[in-house]
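Notes follow the structure.
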Amino acid sequence: MATKLLLTLAICRLIVTVGFTFNPNDLLLLGLNGKLSVAPADLQSASVDFGGVYRAEPMAVLHPATSEDVARLVKAAYDSARGFTVSARGHGHSINGQAMTTNGVVVQMSGGGGSKNKMLTISEKFMYADVWGGELWIDVLTSTLEYGLAPKSWTDYLYLTVGGTLSNAGISGQAFNHGPQISNVHELDVVTGKGELLTCSEKENSELFQAVLGGLGQFGIITRARIALEQAPQRVRWIRVLYSNFSTFTQDQEYLISLHGKPASQKFDYVEGFVIVDEGLINNWRSSFFSPSNPVKVSSLKAEGGVLYCLEITKNYHLSNADTIDQEIEILLKKLNYIPASEFTTDLPYVDFLDRVHKAELKLRSKGLWEVPHPWLNLFVPKSRIAEFDKGVFKGILGNKTSGPILIYPMNKNKWDDRSSVVTPEEDVFYLVAFLRSALENGDETQTLDYLSNQNYEILKFCEDEKINVKQYLPHYDNQREWRDHFGEKYWTRFQQRKLEFDPRHILATGQKIFMPSF
Ligand code: FAD
């Protein structure tokens, strides 16, 4: 009863605030199977994200039970005389408020209850899983493993939703081989900004399909995705080696990703890497891998300009072919030019490898270091300019403190579909460089949010001044002019046309700040 009263009050507030003439009872009369909530706890959790920098409170939060619930809500927003905004929220792991909306409704896609959670079905014959758009990747993995199957392309961290990562790209060390997660989807169910629930694929509603993949939530809400699967490996050999010379490091990374067309036995399954600029980081949350009984002394490795580079590679295997794995790895490692004494190898179950960052999360949580501001910056850097980037940023702007891991790994552009909405540099190979930093208000000056945000700005300014044509991954801009620059004229025109077709009233994902609502 109290909740119903609160809900009615909130809807009245919604009307006063945005002044639309939508009948307040209509939201209650939508016949939703899920729960429309104005409980303070729901509003609070929809107001924040992993970035911890932005805050925006919605008027209500919908916990949908079905795709039809999502469609009814968006249709109500679209049909009402003055409209209201609707933002899908996956697991809220954005950095800059991308899943937030004020004066509107957040559709909480992940979490608790409802028939949507029973949607996960698996076809062993055709090797795919049909999953709810708010499903966490860890749950997709657990379910598919029951059939001895697993998705092919991953993110480093699995507590992200299918809809959230497909709205960006979804990348990790498998991307050089399988492409990003958006290249491993057969079909989607999408609620467009007009409230239509459509199935789309390469063959059916193909423009919507391509628009939504990497579409930053602008064209529709993904309620179901059909994900490509492969036979799941059982174990992983996980290897790290160090380099003091950047060009040797990148030559080896580029060589390894050039093997993507080779048979599985002649390539690694995962290629990533990271930059080590301060000794402290050798034992940070990404690199706890190096065992305390076998410490690495960065200073003893004669890092050029004080910077070391770590190549991280894995080889998956089944116990049935365990006897050939050592030889396959040996042949591959022989081609590389890392510091000979710097090889670290471990062997673990496939699921433990994929879920590796969660272990680090639990450690950080226990120390109160997870829920802190995260001024992250992710860039795609063209291969031809990566050496200048190294000189100017890793050996320049960063100084000798980083406040978090810096990932660096190359990908093959031919594994990305140019028809999707993501933009990447115009070169065959480009690098992800990810500055995954945590700000500490009580730390020293170089760890504060202001300091790290300014440093991100300096990095972007450096690229602009040097005309290094980087593209932001998980992009964040405050105005449309910057978004236009991000896309470039050709892709901006396409992005705008898609918006006009699929969300003409600019109802969806306004937290991205690309289009202002037209009401
Ligand atoms: P949210 O943050 O909730 O939403 C992101 C955007 O997508 C919003 O605009 C939202 O409106 C929209 N959206 C959400 N759900 C849907 C849907 N169903 N349909 C349409 N639009 C939707 N990314 C990588 O690619 N690789 C990584 O290895 C990686 N590691 C990460 C590790 C951590 C610890 C964190 C915090 C993030 C990482 N990310 C990585 C980034 C992550 O992929 C994005 O932040 C992603 O958006 C988060 O998914 P989410 O489910 O939390 O989405």
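The values are calculated or read from the model by the stated rules, or taken from the named source; none is laboratory data. Just so it is clear, the structure is predicted and the values come from calculations on it, not from any experiment. Here the Cβ is made from the backbone with ideal geometry for all residues, glycine too, and neighbour counts use every protein chain on show.
In segment 152-208, of all residues being outside any strand (DSSP E or B) and charged (D, E, K, R), the one that is farthest from the ligand (Cβ to nearest atom) corresponds to Lys203. For segment 338-353, check the following and say yes or no: at least one residue is within 16 Å of the ligand (Cβ to nearest atom) and within 20 Å of the chain's Cα centre (by Cα). Yes, because at least one residue in segment 338-353 is within 16 Å of the ligand (Cβ to nearest atom) and within 20 Å of the chain's Cα centre (by Cα).
On the given criteria, is Asp139 within 27 Å of Ile507 (Cβ to Cβ) and surrounded by fewer than 22 Cβ atoms within 10 Å (Cβ to Cβ)? Considered against the rule, which asks whether it is within 27 Å of Ile507 (Cβ to Cβ) and surrounded by fewer than 22 Cβ atoms within 10 Å (Cβ to Cβ), Asp139 comes out as no.
Hey, could you check segment 82-103 for residues that are within 20 Å of Lys194 (Cβ to Cβ) and near the ligand (Cβ under 6 Å from one of its atoms) and say which is surrounded by the fewest Cβ atoms within 10 Å (Cβ to Cβ)? Step by step, filter segment 82-103, then rank; the result is Ser87.
Among the residues of segment 173-220, count how many are of a type in the set (Ser, Thr, Tyr) and crowded, with 22+ Cβ neighbours inside 10 Å.
1
Checking each residue in segment 361-407 for being more than 12 Å from the ligand (Cβ to nearest atom), under 20 Å from Leu308 (Cβ atoms) and among the small types (Gly, Ala, Ser) picks out Ala387, Gly392, Gly396, Gly399, Ser403.
Residue pairs whose Cβ atoms lie under 6 Å apart, sitting 6 or more positions apart in sequence or on different chains, and linking a residue in segment 458-475 that is buried (at least 19 other Cβ atoms within 10 Å of the Cβ) to a partner that is in a helix (DSSP H, G or I) and modelled with pLDDT of 95 or more, are Ile459/Val393; Ile459/Ile397; Ile468/Arg385; Val470/Cys463; Pro475/His486. Across segment 382-403, the number of residues qualifying as in contact (Cβ under 8 Å) with a residue 60 or more places away in the chain and either under 17 Å from the mean Cα position of the chain (by Cα) or more than 30 Å from Leu440 (Cβ to Cβ) (or both) comes to 5. Taking the criterion of being assigned to a loop (DSSP other than H, G, I, E, B) and away from the ligand (no atom under 16 Å from the Cβ), the residues of segment 122-151 that qualify are Glu124, Lys125, Phe126, Met127, Glu146, Tyr147, Gly148.
Looking only at helices (runs of 4 or more DSSP H) that lie completely in segment 1-79, which have at least 3 residues being modelled with pLDDT under 90 and over 22 Å from Thr223 (Cα atoms)? Please lay out each step first, then the result.
Values: elements: 2-18, 24-28, 40-46, 67-79.
Counting at least 3 such residues, we get 2-18, 24-28.
For Val429, indicate whether it is in contact (Cβ under 8 Å) with a residue 12 or more places away in the chain, within 17 Å of Val470 (Cβ to Cβ) and crowded, with 21+ Cβ neighbours inside 10 Å. Even if it seems obvious, please write down each step before you answer.
Details: in contact (Cβ under 8 Å) with a residue 12 or more places away in the chain: yes; within 17 Å of Val470 (Cβ to Cβ): yes; crowded, with 21+ Cβ neighbours inside 10 Å: no.
So Val429 fails the test.
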